[in-house]
Structures are given as C-alpha cells and as structure tokens.
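I have placed the structure first, in the form of structure tokens, so that the comments after it can refer back to it.
What follows is calculated from the coordinates using simple rules that are stated; it is not laboratory data. A quick note: this is a predicted structure, and the numbers were derived from the prediction, not measured. For neighbour counting, all protein chains shown are included, and Cβ atoms are generated from backbone atoms with ideal geometry for every residue, glycine included.
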C-alpha cells in the first residue's frame, strides 16, 4: 500500500501550497476556505519569500509557512500549526502587522496599503469556549458593527472541532479540505472520500497525490521526518510540563492549604485555606516546572526564542537562568 504523508506536517504543507507549480491548488484552497466567489474570487497569486526579514538589527526574523499576493495586491499568510503555542493569537497579529508595514517604502502613500488576511489551520483547540471549528476575527465598530477598518482579518480552523467523518456529510469544499487535513494519511478513509469528489479539476485529489511518499526525494523525506520528530518532541514537552506542574502544584497546595486551615481552626478556615493553597501551589508548581524545563532546553543548545515559545517564560527570565 502506498504510504501517504500528513498534510499537517510543515514540510508537506509547504510542498502542497507553497510551490509555484501548485499555485492553482493554493488558489482553490483560499477561495474555498475564505468563502471567496464571483467578483471577490482569487484568480491568480504570486508566492513570495516567506521570510519576513527584520527592519531593525537584532529584531526577530519571521518565517511563514506560505505568503502570497493575489492579483489585486492583497497579502495572504497561510499557517499550519500542529501543537498548541502560548500567545499564538499574538503571533498571528504580529505576522500580519509586519506584512502590512513592510508594504510602505520611502515616499509610499498610506492609502495604497493593501489588506492582509491571516489564515491558520490548527491541529489543536485554540478557543476552548467556542463550539464551532471556524472563527473569523475582524475590526468592527463596537456600536454599529460596521467594518470601517478593513485591512486585517484572521481566520482560524480548529481541526479537533471538525467532527464530520462520512464523505456524504461533506457538503462544501471547506468541509472537504478539513476532512483532507484530518484523514489524508489514512488510505482507507481517503479512498471513499476521493471517489466522492466529482468536480473536473480534482484539486484535492491532486493535493493528496503530492502526499504519496514515492513522489518525494530521499532528502525531502528526511526533512519531513525531522519535522515530525520536532512536532512530537514539542507536544511531549508540553504534556510533561502540564502533568508535572499539576502534580507538584496539587501536592504543594494540599500541604499549604491544610496547614493554613488547621491554623485557623475552624471549618470555614479549613475550606478556604485548602482552596487558596491549591491555587497558589498549582501556580508555583507550574512556574517551577517551566523554569526546570527551560534550564534543560538551554543546556541542550536551544535558542531563547524557541525556549520562550515552549515554556511561556520571557526572554529576560530565560537569560537569568
């Protein structure tokens, strides 16, 4: 059986959507997921260098998964994110703001600035309080809800919330792309799915064919495997930090809470002390765990920026370790 790789891997994602020879797949994908049609439909794109170079020495370089311009000059940032990352919503705004500001050169008129659209496919739950898998965020007037400031929009697709499993349930191309991202590496599921696609362009089928391992060079497969390992390591570190932090926090919290409760000597004091102690202990345990993990990552040679993204510690906290 042909091995099919996962499109959620950054290397595979860029191979499908980030190469000029496949730009018709990218155009189809953007129109489908961003609900563009008729006069608003994207008809052509130019894929540009995804490296956003810093304008100030010492600033952080941004490396995007896919960055492209449509025929009207609108910029699209398309990101694939496998593991949860603290502050990802701020990272999205930072990338969009940087793409927007780099349009302005010397003598450039502000009215010529073009819209920036950020689209992220997430293999984790970003908004736990939202039930629907898709959310779009725009700048609106809080009284009239008019969209007077139109140059930024952010769309997030949370794959864990997409629950359709039967190809017959897939009514739109947005549905089909979500199914593709969740099940492309499962040949049995994909066989029935691909047979249900009836359009002549067969865009999703072509995207699926790109994922077949026999179409990849040995070097490309090695890059893919390295990215898979990085993703698994990141998830494992987060799981370890969460479990260790909870365990340490609960233990410390129970001890502190019981001591405080006994000292107060009344039932109300016991209940309040335990609750407060557990809360303080969980917070302290989590912070101690973050610092412990950061020290080990720093000793392994990982950059401060990477350590910050995994642990949530600030760069100054990491430098002080």
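Quick notes on this structure:
- Take each peptide in 8-21, 127-140, count the other Cβ atoms within 10 Å of every residue, and average; sorted highest first, the result is 8-21, 127-140.
- Multiplying the residue separation of residue 225 and residue 74 by 0.36 nm and removing their Cα-Cα distance gives an extension gain of 51.0 nm.
- You can think of it this way: the chain between residue 108 and residue 147 has 11.6 nm of extra reach, that is 0.36 nm per residue less the Cα-Cα gap.
- Anisotropy class of the range 117-158 from Cα gyration tensor, a/c 1.5 cut: oblate
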